[in-house]
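Here is the structure we will look at.
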Amino acid sequence: MQSTRKVAPIRDSVKSGIVAGQAAAWAIFGVFLAIDSALLTPPGTFYKVIGMALGQGPATDVYVGFVMHMVTATVIGIIYMTISDRVRALYISSVFKGLATGPMTGAVVWAVLFLPLHFGVILPMLQAMAQGATSADFTIAGQLAEISSAQLAARLVELSGTIVAGALAMHILFGCVLGFLGRLGTSSRELLG
């Protein structure tokens, strides 16, 4: 006996994807702030670097970076839910499947999106900025003082290997939340018909 599964309308996949992508992005928001603290970089450094790469000014770097990260997470959520709703083998039929496909999605996003941007755009930008850096005080007291952009860039270039490895972990965590929430979306549609 073979069960038939009704494929969700595209609008339902998009709605579920928006919710899952946004919720996953918000779930890791606090982790970014904790990482900034652990690396002794100013709060919002991740978002600031994204804004800097887009050519924003110091006053708007963090805000533009935050918005771009949330938009990217939303698009990833929409793509994830649309594909999983339409490809039988990827359909999120259980929490286990969500916790398998979500982290795989996170790892793919890390490999396809993060790594090229990091090595092709962000790192060269930071290396160029770091040329004029003087030694910075990366103690907690020094963190409270204003750190120049060149000093911050030099610090981030120095931490590049740690950032790449940590980004993989963050993308997998994002994927776990995405997959779990994707399952909640599919199960609620299954219950509601």
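The values are calculated or read from the model by the stated rules, or taken from the named source; none is laboratory data. None of these values were measured; they are calculated from a predicted model. Every residue, glycine as well, gets a Cβ built from its backbone with ideal geometry; the counts of neighbours run over all protein chains shown. The protein model used for the area step is the full one, side chains on, heavy atoms only, and it has no ligands, DNA or RNA in it. Shrake-Rupley method; radii C 1.70, N 1.55, O 1.52, S 1.80 Å.
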>> If a residue must be open to solvent by less than 10 Å² (accessible area, probe 1.4 Å) and of a type in the set (V, I, T), how many such residues does the range 173-188 contain?
In response: 1
>> Checking V108 against (1) surrounded by fewer than 16 Cβ atoms within 10 Å (Cβ to Cβ); (2) out of contact with any helix residue (DSSP H, G or I) (no Cβ under 6 Å at 6 or more places or on another chain); (3) touching a residue at least 24 places away in the same chain (Cβ under 8 Å): exactly one of these is not met. Which one?
In response: (3)
> For A25, are the conditions met, namely being of a type in the set (A, V, I, L, M), surrounded by 17 or more Cβ atoms within 10 Å (Cβ to Cβ) and in contact with an Asp or Glu (Cβ under 6 Å, 6 or more places away or on another chain)?
Replying inline: no
> When the residues of the range 138-193 are filtered to those that are modelled with pLDDT of 85 or more and among the basic types (K, R), which remaining residue is nearest to L123 (Cα to Cα)?
Replying inline: R155
> Of the residues D85, D61, which is over 30 Å from A8 (Cα atoms), open to solvent by less than 40 Å² (accessible area, probe 1.4 Å) and among the charged types (D, E, K, R)?
Replying inline: D61
>> Six or more apart or on different chains, Cβ atoms under 7 Å: show the pairs whose first residue is in the range 22-40 and within 17 Å of V109 (Cα to Cα) and assigned to a helix (DSSP H, G or I) and whose second is of a type outside the set (F, W, Y) and open to solvent by 60 Å² or more (accessible area, probe 1.4 Å).
In response: I28/L173
> In the range 91-105, what residues are in a helix (DSSP H, G or I) and surrounded by fewer than 17 Cβ atoms within 10 Å (Cβ to Cβ)?
Replying inline: V95, F96, A100, M104
